[in-house]
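I have placed the structure first, in the form of structure tokens, so that the comments after it can refer back to it.
Bear in mind that the values in this text are calculations on the coordinates, not laboratory data. The structure displayed is predicted, hence computed values, not measured ones. With ideal geometry, Cβ positions are generated from the backbone for all residues, glycine too; neighbour counts draw on all protein chains shown.
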Amino acid sequence: MSGSASSARSPSRGEGREAGARPRIVFDHVSMAFLSKQGPLRVVDDVTYTIDDGEFVAVIGPSGCGKTTMMNMVAGFVTPTHGRVLLDGEPITGPGPDRGVIFQEYGVFPWLTVKQNIAFGLSLAANRAHAAERDAICARYMNLMGLADFADAWPKMLSGGMRQRLALARAYAVRPQFLLMDEPFGALDAQTRNAMQDLLLEVLATEGKTVMLITHSVEEAIYLASRIVVMSARPTRIREEIAVPFPYPRSESLHETREFNDLRSHIRELVMKEYAAQAQLGSETTFQASR
């Protein structure tokens, strides 16, 4: 595993992972650079870590540090400049039906009803299901997400929380093995966000997925994940990996415990240092561009 600097703790391989766990997603010395007017912009720098079968890994770090870029590599939207991203031991070469992606911007089709949105992926070649099976799957996830009374409603008629529940239902309906989530609850108010977190944990308890979550919320990362990867300022490296010590199932009362708050303070301190470093980097970049 790579640390971000001499001050960063370099986690040992496998820290926070169960013995004998099967690796599903592997970042193998991954680096990524994009072209810019000032030359190559290094976003990810020699990152190595693993997400095991059934594991929930949250990735947290400053805005613009490269978290979403790493998720996009797993989704197959981009390929690294150097290194490899492996899925079950094979390089990822593009998107696939085994990976469901959920974004902050409510990934639903406004011209389809709730039921039609959930059924959409089941009409595609990779996940095609017969009409009776489609209806059964739609009914299952509408009930699970509390949307059964809104089957014929348009997305514009739903609240933000309901639209995000619909996005979750769409992702789950095609039965992906992996759930890739980029700030999925970031646009929601605090109460709705907490409810969505609990709903996600309930669904995962019954469905079971391997999850990669991108978030800026320390509390969300601790509450949801089994392991947290704290990333440095750009070009991003692993600042620290942390095994979350709380067993599932979890409840809101966890937020009030001393152990939760101690862990939150530790991670928040790490993240704020990297935010400061990222802000300094942005100031230097602006100064150089103005010269």
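Selection among A139, P176, V114 by position relative to the dipole of region 104-176 gives P176 as farthest towards the positive end (Cβ unit charges, Cα centre).
Give me the orientation-averaged projected area of the Cα convex hull of region 63-152, in nm², one decimal. Its Cα hull, projected and averaged over all orientations, spans 8.1 nm². Checking every one of the chymotrypsin sites (Phe, Trp or Tyr not before Pro) in region 32-78 against DSSP loop status and a limit of 15 other Cβ atoms within 10 Å picks out F77.
Once the other residues with Cβ under 10 Å from the Cβ of V30 are scored (Lys, Arg +1; Asp, Glu -1), what is the net sum? Counting the neighbours of V30, the net charge comes to -2. By the count of other C-beta atoms within 10 Å, a proxy for reagent exposure, V59, V78 are ordered fewest to most as V78, V59.
The Stokes-Einstein estimate for region 164-206, based on a Kirkwood radius over Cα pairs and taken at 4 °C with 1.567 mPa s viscosity, is a diffusion coefficient of 118 µm²/s. Going from the residue with the fewest nearby Cβ atoms within 10 Å to the one with the most, R175, R193 rank R175, R193. Result for the chain in a Gaussian network model with C-alpha springs under 10 Å: among G66, G83, G39, the largest mean-square fluctuation is at G39. Per-residue ellipticity at 222 nm, computed for the chain from helices alone with -39500 (n - 2.57) per DSSP H run of at least four residues, works out to -11500 deg cm²/dmol.
In Å, what Kirkwood hydrodynamic radius results for region 31-74 from the alpha-carbon pair distances? Walk me through the intermediate numbers first.
Numbers: mean 1/r = 0.0832 Å⁻¹.
One over the average 1/r among Cα pairs gives 12.0 Å for region 31-74.
If you wrap the tightest convex hull around every Cα atom of region 183-291 and split its volume per residue, you get 120 Å³. Residue exposure proxy: D52, D198, ordered by other Cβ atoms within 10 angstrom of their Cβ from fewest to most, comes out as D198, D52.
Computed over the chain, the alpha-carbon pair-distance distribution with 10 angstrom bins reads 6, 27, 33, 23, 9, 1, 0, each value a whole percent. T257 sits among other residues whose Cβ lies under 12 Å from its own Cβ, and their net charge, with Lys and Arg +1 and Asp and Glu -1, is -1.
Given that compact globular proteins tend to follow 2.2 N^0.38 Å, what is the ratio of the alpha-carbon Rg of region 104-176 to that value? Spell out each step's value before the answer.
Numbers: Rg = 11.0 Å, N = 73, 2.2 N^0.38 = 11.2 Å.
Dividing the Cα Rg of region 104-176 by 2.2 N^0.38 Å gives 0.98.
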